[in-house]
Amino acid sequence: MTAISLLAREVETVSRERKRRTRSRMRSHLDTLVVSTLPPHEYDLDPACISLVCPSCRTWVPVRVAQTERATAKLVPHHTEPAGTENPVRCPGSHRLVHIDVTRQRWSQRLTEGLAETDGRRSNRVTRKPRTPVAPAVTQIVGGLIDDKTARRLDEAHVKSCTACSVRDDEGRVLRAADVSYRCADGQRLAQLAAHTKRTAPARRQAQMEREEQTDRRERGLRLLHHLPRNQHAKAVSDADIQRVDDALTAMIQMLNPHKVDAPPLSDWERADLLSAITLLATQKDQIERRR
């Protein structure tokens, strides 16, 4: 047998690598999944990759369509754990039969109709407008700005100048104020304001006294807190100031009267500056000792 025949025989005995396909006769115990019963957004009929959402694990799973005469479709085997997990638990929806009874055109139409319906839908949530607060009365607004004496003076001045709000004699002199029901609009408002401020005057004075007393207590406490650290450390601070002045005086006196014989003599200007500085330090020391 020649070498060429042996080579040809070896090539023929080697099995060819086949394209791997999912070929299994296993079927899930679950009922056949009908595509028309699913919402349009839960399956994809694109020929490049037909897939749908598995009802068991709610994940997108490809659908294998066998290229045979019977053309059965199944969900590919899958599990619910992340990829690379050891000993994963297979989903019960694996190998489940799928009945594709919807065409690609019908699926696209249902998606388009669903999008149009969603875009045109309005929310049924009722957005209530905030309630408008009730405006306070004029007497409540002005009553907090003026006291009872000022309101009484305003009312009396209006009564003297208004003929509708006063009862006069034959000579035109004011005898008394008219009843509130017979007064003009301004007179009624001023009368109500005077009555309101008179009724609330004791409470307002009490509140004002409490605020003033609270302010005084706060200021008194702040003053005590401000002087407390100073009183605690006053002696130590004064001792340190006196020691610092004494050290400066000692150094300047040594410069004025040096102990070394060969020390350079001071000029008249330098001696005058030293004497003025010594006098100033002595004055500072005297002031510090008086404050102690």
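The numbers here are math on the coordinates, done by the rules we state, and not lab data. Being a predicted model, the structure only gives us computed values, none of them experimental. FYI the Cβ positions are ideal-geometry reconstructions off the backbone, even for glycines, and counts take in every protein chain you see.
Between GLN287 and LEU249, the simple label model (points 7 Å from Cα in the Cβ direction) yields a spacing of 1.5 nm.
Compute the label zone of LEU154 within region 180-201: residues whose backbone N is under 19 Å from the point 7 Å along Cα-to-Cβ. Under cut-off, by backbone N: 180-181, 183-201. Taken along the Cα-to-beta-carbon direction at a fixed 7 Å, the label points for ARG211 and ASP31 span 7.8 nm. Compared with the alpha-carbon gap, the fully stretched path from ILE278 to SER161 is longer by 34.1 nm at 0.36 nm per residue. Each of LEU266 and THR132 was given a label point 7 Å from its Cα along the Cα-to-Cβ line. The distance between the two points is 8.8 nm.
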